[in-house]
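> Pasting a structure here, questions to come.
The values are calculated or read from the model by the stated rules, or taken from the named source; none is laboratory data. If you're wondering where the values come from, they're calculated on a predicted model, not measured in any experiment. Backbone-built Cβ (ideal geometry, glycine too); neighbour counts: all protein chains shown. Surface accessibility is based on the protein's heavy atoms, side chains included, excluding ligands, DNA and RNA. Shrake-Rupley method; radii C 1.70, N 1.55, O 1.52, S 1.80 Å.
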Amino acid sequence: MIRSPPTASLGTDIAPTVLRHEGVATDPAWNLDGTSLAELEPDAFDALRPSLRAPVDETKLPADAKGWTNTAPEGWSIDNSKMPAGGVTEWRGWSFATDEFWTNAERGQGRETNVRARDVFAVADSDEWDDKAHGAGQFDSTLVSPAYKLNGAATATVSYATNYRVDGPQTGDVYVSYDGGTPQLVKSYRADSNTVERLELAVPGGAKSARLSFRYTGTNSAFWTVDRVAFGQPHPPSDLAVASLEADTVLLGRPGSESAWKVTANGVVRTAQGKPVKGAEVTAELTAGGKVHRLTGTTKKDGSVRFKATVGRGIAKATLTVTDVRHQHLAYYGELDAVRDLDLTRPTGHRG
């Protein structure tokens, strides 16, 4: 039986693994075939491994070789509404397969170049599908992603490993739709491409969700694989900001001693438009002597909040950092803060 371990690594993973071990940062411009073993993580497609099936029409594989399915993982779907009936069962529309199963179905046609996919991946193979009689029309199937929740940021990033191989007329197109609207073209393939794509999307204001689709068409014209699909966004702009933060310190002992000292910090929280915020929960951390003390407070009508803490005897320095501000649904990430950190030093206790 053809088998491989979950999240299987390839020989092409050796170089990036060694580079990471030696502390050398890899540059995406190098376009390395492999991935460091420390960075390999299972994706949604890999969850299909327990349900992979044995061959139906493929005759060059062992009868007990389980390595394909046309059942999409949770959240994903396949639109075969434009697919003709018939053809090789395993490859009618987008399927999910392991490299061992798919490559060994027909050797010497370039499938072994699929070096960036790992474990179970999605594949549309019009060449292999066409090896059995089918209804009139071309291979035309679309792989559809789950709806990704958007956070309000103006951009999003999409990445995926892909191997698009051409041996005749065919098309490969990637689309995005927002809130179930009309799909918008973001990437087209018409020539061979074997890479990890990294695409940036402009997100319409107010959009709540995004969905990707991968449409492939062709007839006996080669294949397209997709794997390790990732969708992400930067933080959206903050709605809240720490407009000011200052602190007073008082020595709790005789002047010039190493006594404990008291810290009283006062901050003000405002909206991004400059209005004071009442009722915001503010969290700060006082780091002193290798220990972190968590402080909390609630803003008053004028947006002010106060923290009090004591730094122990023998500790000369401390740092106060605002770590979080929460109020209703308003976002806080800190990029609008006038100041987030205060470096504090034990007072001498002397006047003047």
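> Rounded to the nearest 0.05, what FRET efficiency is calculated for Ala63 and Asn220 with R0 set to 25 Å and r the Cβ-Cβ distance?
0.45
> Tally Lys and Arg at +1 and Asp and Glu at -1 over the other residues with C-beta under 13 Å from the C-beta of Phe121: what net charge comes out?
Computed value for this residue: -2.
> Continuing with this model, one more query. Can you give the helix-only mean residue ellipticity at 222 nm for the chain, where every DSSP H stretch with n ≥ 4 adds -39500 (n - 2.57) and the sum goes over all residues, rounded to the nearest 500 deg cm²/dmol?
-1500 deg cm²/dmol
> What is the magnitude of the charge dipole of the chain about its Cα centre, with +1 placed on the Cβ of each Lys and Arg, -1 on the Cβ of each Asp and Glu, and no other charges, expressed in debye to the nearest 20? Don't skip to the answer; put the middle values down first.
Working: 39 positive and 44 negative charges, 483 e Å.
The dipole magnitude comes to about 2320 debye.
> Just Ser126, Ser95, Ser238 to compare: in a GNM of the chain, with alpha carbon springs under 10 Å, which one fluctuates most?
Fluctuation is largest for Ser238.
> Moving on to the next point. Among Thr219, Gly135, Gln184, flag the residue with its Cα farthest along the positive direction of the charge dipole of the range 133-234, charges on Cβ as +1 for Lys/Arg and -1 for Asp/Glu.
Of the options given, the answer is Gln184.
> Taking the Cα centre of the range 281-352 as origin, sum charge times position over the Cβ atoms of Lys and Arg (+1) and Asp and Glu (-1), and report the length of that vector in debye to the nearest 20.
In total the dipole reaches around 500 debye.
> Moving to a separate point now. If you compute percent of Cα pairs over 32 Å apart for the structure shown, which of (i) 51; (ii) 41; (iii) 35 do you land on?
(i)
> So how strong a dipole does the range 94-205 carry about its Cα centre when Lys and Arg Cβ are +1 and Asp and Glu Cβ are -1, to the nearest 20 debye?
Working: 10 positive and 17 negative charges, 88 e Å.
Here the size comes out at about 420 debye.
> Compute the Rg to Rh ratio over the range 273-352 from the alpha carbon atoms, using the Kirkwood formula for Rh, and round to two decimal places.
Numbers: Rg = 14.7 Å, Rh = 14.2 Å.
Reported Rg/Rh, Kirkwood definition of Rh: 1.03.
> Of Asn80, Leu295, His235, which is farthest along the charge dipole of the chain in the positive direction, counting Lys and Arg as +1 and Asp and Glu as -1 at C-beta?
Value: Leu295.
> Taking +1 at the Cβ of each Lys and Arg and -1 at the Cβ of each Asp and Glu, which of Tyr333, Gln109, Thr310 sits farthest along the dipole of the chain towards its positive end, judged by Cα position relative to the Cα centre?
Thr310
> Right, another one. Output the pairs from Lys66/Lys132; Lys82/Lys187; Lys187/Lys275; Lys149/Lys301 with a Cα-Cα distance over 32 Å in this structure; if there are none, say none.
Lys187/Lys275; Lys149/Lys301
> With just the Cα atoms defining each centre, how far is the range 48-114 from the range 156-192? Give it in Å.
Their Cα centres are 20 Å away from one another.
> For the range 210-352, what is the accessible area per residue in Å² when the probe is 1.4 Å?
Value for the range 210-352: 53 Å² per residue.
> Tell me the accessible surface of Lys132 in square angstrom (1.4 angstrom probe, heavy atoms of protein chains only), to the nearest ten.
90 Å²
> Same structure, new question: Please give the per residue accessible area of the range 82-124, computed with a probe of 1.4 Å over protein heavy atoms only, in Å².
Normalised by residue count, the accessible surface of the range 82-124 is 26 Å².
> In the range 250-335, what percent of the accessible surface is made up of carbon and sulfur (1.4 Å probe, ligands and nucleic acids excluded)? Walk me through the intermediate numbers first.
On the way: 2370 of 4940 Å².
Reported share for carbon and sulfur atoms: 48 percent.
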